[in-house]
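A quick write-up on the structure given underneath.
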Amino acid sequence: MVGFKATDVPPTATVKFLGAGTAACIADLITFPLDTAKVRLQIQGESQGPVRTAASTQYRGVLGTILTMVRTEGPRSLYNGLVAGLQRQMSFASVRIGLYDSVKQFYTKGSEHAGIGSRLLAGSTTGALAVAVAQPTDVVKVRFQAQARTGGGRRYQTTVEAYKTIAREEGFRGLWKGTSPNVARNAIVNCAELVTYDLIKDALLKANLMTDDLPCHFTSAFGAGFCTTVIASPVDVVKTRYMNSALGQYSSAGHCALAMLRKEGPRAFYKGFMPSFLRLGSWNVVMFVTYEQLKRALTAACAPREAPF
């Protein structure tokens, strides 16, 4: 088997916390262009209002979007908002993924057998808690990904400037714009992602179809990515539109959703579905496989120091 073998010592909460943040950053570095393409497709067709974005450019499909961005804005445009994205993952994934097992054990009162209800509660809790910690980084990431590098329409030049400009022009609440749809999205995403991964992995191990190694992690992560995309896409599109909107363009996330439905129809809620799936599927595979290996490596590294004399 390739990779680190499972250890007899269970990973600590600290190991899971650090491992989740690091694995998520690695996954983001690899899949970020797909995420940027997803954002561009999601805002396409939106009324720009007073805010200049890339929405006026017509994108067709994942590959078409990426090629258009490279041709018109240069390859670096695919990594717009990467700094904020990595900041987001270090604070966000550490909480929602790293603390999932601890919160699950809290709901089950330490029992080894967690039911679907306990898993869903744990996923919802850590997903909502992560948003409370990382919302400003998500707002800046989306704004950067939405803006074009061409012409004079760029709102922000650097990540620090983006934080300062949003706080100055829109107030402190501007950095927390879209918190409600983001809480809803990430509670859903976390449940779909972590609970599905948990259930698929448990089922494969209990049926003796696979052992707890890389193929099992890969299969579980891919299934989790597909289920998450199907369930979370509508909320994700609304979240992206609302975060990227000009001040006063929408009175609430609900208003944004209704405006989309009225102007663009139900299919608007699944704009960018293919890049969402490609991104979430590949992100889940890279993240979970890396996370499982990091947990084992960190646990093995810490074990000698924790062993009694």
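The values are calculated or read from the model by the stated rules, or taken from the named source; none is laboratory data. All figures in this text were calculated on a predicted structure; none of them were measured in a lab. Neighbour counts are summed over all protein chains in view; Cβ atoms, including those assigned to glycine, are modelled from backbone coordinates with ideal geometry. Just so you know, the surface numbers come from the protein's heavy atoms only, side chains and all, with ligands and any DNA or RNA stripped out. Shrake-Rupley method; radii C 1.70, N 1.55, O 1.52, S 1.80 Å.
Okay, here's what the table says:
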{"read-out": "Considering residues of segment 182-208 that are in contact (Cβ under 8 Å) with a residue 40 or more places away in the chain and polar (S, T, N, Q) only, the residue farthest from residue 138 (Cα to Cα)", "value": "190"}
{"read-out": "Answer residue from segment 167-206, given it is in contact with a helix residue (DSSP H, G or I) (Cβ under 8 Å, 6 or more places away or on another chain) and among the charged types (D, E, K, R) and is least open to solvent (accessible area, probe 1.4 Å) among those", "value": "193"}
{"read-out": "Single match in 85, 127 (criterion: more than 17 Å from residue 22 (Cβ to Cβ) and either out of contact with any His (no Cβ under 9 Å at 6 or more places or on another chain) or open to solvent by less than 20 Å² (accessible area, probe 1.4 Å) (or both))", "value": "127"}
{"read-out": "Selection from segment 251-279 of residues that are open to solvent by less than 30 Å² (accessible area, probe 1.4 Å) and not aliphatic (A, V, I, L, M)", "value": "256, 265, 272, 275, 276, 279"}
{"read-out": "Residues located in segment 90-124, provided they are assigned to a loop (DSSP other than H, G, I, E, B) and either open to solvent by 30 Å² or more (accessible area, probe 1.4 Å) or not aliphatic (A, V, I, L, M) (or both)", "value": "98, 99, 108, 109, 110, 111, 112, 113, 115"}
{"read-out": "Residue among 268, 300, 259 that is out of contact with any helix residue (DSSP H, G or I) (no Cβ under 9 Å at 6 or more places or on another chain), assigned to a helix (DSSP H, G or I) and modelled with pLDDT of 80 or more", "value": "300"}
{"read-out": "Hits in segment 162-173 (condition: within 17 Å of residue 249 (Cβ to Cβ) and modelled with pLDDT under 85)", "value": "173"}
